[in-house]
Amino acid sequence: MDLESKLSPIVRDMAPSGIRRFFDLVNQIPDAISLGVGEPDFVTPYHIRKTVTDSLEHGPTSYTSNQGLPELLSAVSEYLRKRFDLSYHPETEIITTFGGSEAIDLALRALICPGDEVMVVEPSYVSYEPCVVLAGGIPVPVATHAKEGFKLRVEDLERCVTPKTKALIISFPNNPTGAIMTAEDYTPIVEFVKKHELIVISDEIYAELTYKNKNHVSIASFDGMKDHTILINGFSKSFAMTGWRIGFIAAPEILWRGMLKIHQYTALCAPRMSQIAALEALQNGLQECLNMKQQYDRRRRFVVHSLSEMGLTCMEPEGAFYVFPSITSTGLDAESFAEQLLLEEGVAVVPGGVFGPSGTEHIRCSYATSLERLDEAMKRMKRFVEKKRQTNKEHYLQLG
Amino acid sequence: MELQEEILSVLSENARLTIEQISHIVNQPEDKVRETIALLEKKQAIIAYQCVIDWKKIGKQKVRALIDVQVTPQQAHGFDVIAKRIAMYNEVVNVYLMSGAYDLSITLEVDSLEAVGLFVTEKLAPLDFVVNTRTHFILKKYKEADVLLDTDGPDNRLHIAP
Ligand SMILES: Cc1ncc(COP(=O)(O)O)c(C=O)c1O
């Protein structure tokens, strides 16, 4: 039997993630210092783990309601109100999910009809585009540009919008660029979204990680925007809880109801243990979240400085835990840069093209790694960059 | 955070960082960092740069003991004078004035169990202001100077994650 032919063409024809090939390569070099990890290097704060082990010893291990434990939903609602000035009703507008990942899938499946176009602002997290395709939609990449600090500009949206456009996926603070959007940056975007009656799927998973005293602004907080927004957030990055698989989605009731149907049939509920952890995180974890952010901030400044010193142009990231320098000055493309850096110096970074066509001249370096390791990685990278420039120059002179 | 506090906080985690590295981390010119550290050293906000060591790892077993000491402060010997007198011994690494039944808590670090006994009987007890002592041996260390010991497992994360 031809099993290939049994696969849905959508799945069969889907290209494997670009990150996958690189992952396999890095795994052959076990001692490499990896700046390729998109998750915190901290373990989940102890009080959160302890709350869960205590709960496991005494407590219930059953399903929760589809949307989640009522206490957690209330805590999420309160958190969104306090931190981001958002108003979501705990009983009719919030669902806890298997991380932001499930939330992305829920939002897209609830919205998309075959042939609908979804604008995906890139460079961006690698899941959006495949999830749009899996939901039967057509992803339309919307570029952001290094010269604009990778902020979203309304001109780029205008170029891509068509009568078939239904939704727009954005994620700020951004993975991989570290860009954030201020209230000012959002103003024209908000107008655009209203004018074209679009739904914004706003993945705000890095909302707690903004620097330079700039607070995160949610697009849902603008006047009238709640009706246009599906908000995604979670605990993975802010509370160092990636392995727990817990996040949430918030949306106006009609959209909420749609997504809840899918969630109820495909997931039933988010894991109870993880919901308990999430509740503890919101109730008692915000200080530790700030402590981690302070560590990231130190590393951020250190890395930005080191990169600019080695002559790699790099806008200063104001959020998340990534820097996204351009590597064109080395004469290499990002794929070769990443591959050679790994093989010659044992440092792993992710070539930017993985995150979308606007990233092809960049590499993503995650600074969710100790300062000691970052220091060593930066030294090696400097040596590498100097060597490449030298080779480049010699090559040029020979041609000359 | 104010610069002095930020620098101290950075140094408290890793005192080996160079001025250059610190200047990147706190985002201030090197000269300013150098000056600030000099000032902090001068006013003894920075007391010393030390290393947190697990001697066991090189097969050296240092013995640490905590000794509670009850003293009778006399006219000429307030607690300060007594504490400073005890602090003069090389094997004493910490001396604190305490609330509670005992007055001073001292930490001793020596090479052997016998040396602890010798210290107490020959150096501490004979001091005329020492009334009573109580010795506790440290059996195992779990956390030292804010650092958890023997927990440094491998980084469990995948090498590359989106
Ligand atoms: C932008 C973005 N969204 C979502 C996720 C997935 O997060 P979760 O662990 O909550 O599924 C990631 C993880 O890297 C991410 O970078």
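Side notes on the structure shown:
- Once the Cα gyration tensor of chain A is diagonalised, semi-axes √(5λ) in Å: 35, 25, 22
- Value of relative contact order over the range B:8-162, rounded to a whole percent, pairs C-alpha under 8 Å and six or more apart: 22 percent
- Within the range A:116-159, backbone nitrogen closer than 11 Å to the virtual label 7 Å beyond the Cα of residue A:7 toward Cβ: none
- FRET efficiency, residue B:62 to residue A:113 (Cβ-Cβ, R0 51 Å, nearest 0.05): 0.10
- Charge dipole (Cα centre; +1 on Lys/Arg Cβ, -1 on Asp/Glu Cβ; no other charges) of the protein assembly as shown amounts to roughly 420 debye.
- Based on C-alpha pairs under 8 angstrom that are at least 6 apart in sequence, the range B:55-140 has a relative contact order of 43 percent.
- The fewest-to-most ranking of A:248, A:84, A:42 by surrounding Cβ atoms within 10 Å reads A:42, A:84, A:248.
- Computed over the range B:3-42: relative contact order in percent, which uses C-alpha pairs under 8 Å that are six or more apart: 43 percent
- Taking the inverse of the mean 1/r over every pair of distinct Cα atoms in the range B:3-42 gives a Kirkwood hydrodynamic radius of 9.8 Å.
- Full-stretch length increase - residue A:333, residue A:214 - with 0.36 nm per residue and alpha-carbon distance subtracted: 39.5 nm
- Between residue B:107 and residue A:309, the simple spin-label model (points 7 angstrom out along Cα→Cβ) gives 3.4 nm.
- Label positions at residue A:47 and residue A:386, each projected 7 Å from the Cα along the C-beta direction, are separated by 4.7 nm.
- The range A:172-237-the range B:89-126 distance, computed between alpha-carbon centres (Å): 60 Å
- In a DSSP loop and with at most 13 other Cβ atoms within 10 Å, there are no chymotrypsin sites (Phe, Trp or Tyr not before Pro) in the range A:282-332.
- Charge dipole of the range A:60-285 (Cα centre as origin; +1 on each Lys and Arg Cβ, -1 on each Asp and Glu Cβ, all else neutral): 240 debye, rounded to the nearest 20.
- Modelled FRET efficiency - R0 30 Å, residue A:158 with residue A:265, Cβ distances, 0.05 increments: 0.20
- The range A:90-165 and the range A:320-357: distance between their alpha carbon centers, rounded to Å: 25 Å
- The alpha-carbon of residue A:388 sits under 20 angstrom from the alpha-carbons of these lysines, leaving out residues fewer than 8 places away in its chain: A:379.
- Note on residue B:125 and residue A:316: their simple-model spin labels are 6.5 nm apart, each label 7 Å out from Cα toward Cβ.
- Free of any trypsin sites (Lys or Arg not before Pro) that DSSP assigns to a loop and that have at most 15 other C-beta atoms within 10 Å, the longest stretch within chain A is A:215-400.
- Remark: mean inter-chain Cβ contacts per residue of A:58-65 equal 0, using a 10 Å Cβ-Cβ cutoff to other protein chain atoms.
- Å³ per residue enclosed by the Cα convex hull of the range B:55-140: 91 Å³
- In the protein assembly as shown, helices alone account for a calculated mean residue ellipticity at 222 nm of -12500 deg cm²/dmol, with every DSSP H run of four or more residues adding -39,500 (n - 2.57).
- Distance violations [Cα-Cα > 18 Å] among A:237/B:143; A:194/A:214; A:166/A:195; A:147/A:214: A:237/B:143; A:194/A:214; A:147/A:214
- Degrees between helix A:371-399 axis and first principal axis of chain A (Cα, 0 to 90, nearest 10): 50 degrees
- Axis of helix A:183-195 versus longest Cα principal axis of chain A: the two differ by about 60°, to the nearest ten degrees.
- Annotation: lysines with alpha-carbon distance below 18 angstrom to residue B:42 (same-chain offsets under eight excluded): B:32.
- Restricting the trypsin sites (Lys or Arg not before Pro) of the range B:1-108 to loop positions (DSSP other than H, G, I, E, B) with no more than 10 neighbouring Cβ atoms within 10 Å leaves B:16, B:43, B:60.
- 0 to 90° range, to nearest 10: angle between helix A:99-111 axis and chain A longest Cα axis: 70 degrees
- A:288, B:114 arranged by Cβ crowding within 10 Å, fewest neighbours leading: B:114, A:288
- Under the membrane-span-like helix rule (DSSP H runs whose alpha carbons stretch at least 15 Å along the helix axis, mean Kyte-Doolittle hydropathy -1.0 or higher), chain B yields B:3-13, B:30-42.
- Partner chain coverage, peptide A:297-307 - average Cβ within 10 angstrom: 4
- Residues B:55, A:256, A:244 arranged by fewest to most Cβ contacts within 10 Å: B:55, A:256, A:244
- Cβ-placed point charges (K, R +1; D, E -1), dipole of the range A:269-400 about Cα centre in debye, nearest 20: 180 debye
- Loop GluC sites (Glu not before Pro), the range A:177-238 (other Cβ atoms within 10 Å of the site Cβ: 14 or fewer; DSSP): A:197
Where a number appears in this text, it was derived from the coordinates with a stated rule and is not lab data. All of these numbers come straight from a predicted model, not from anything done at the bench. For neighbour counting, all protein chains shown are included, and Cβ atoms are generated from backbone atoms with ideal geometry for every residue, glycine included.
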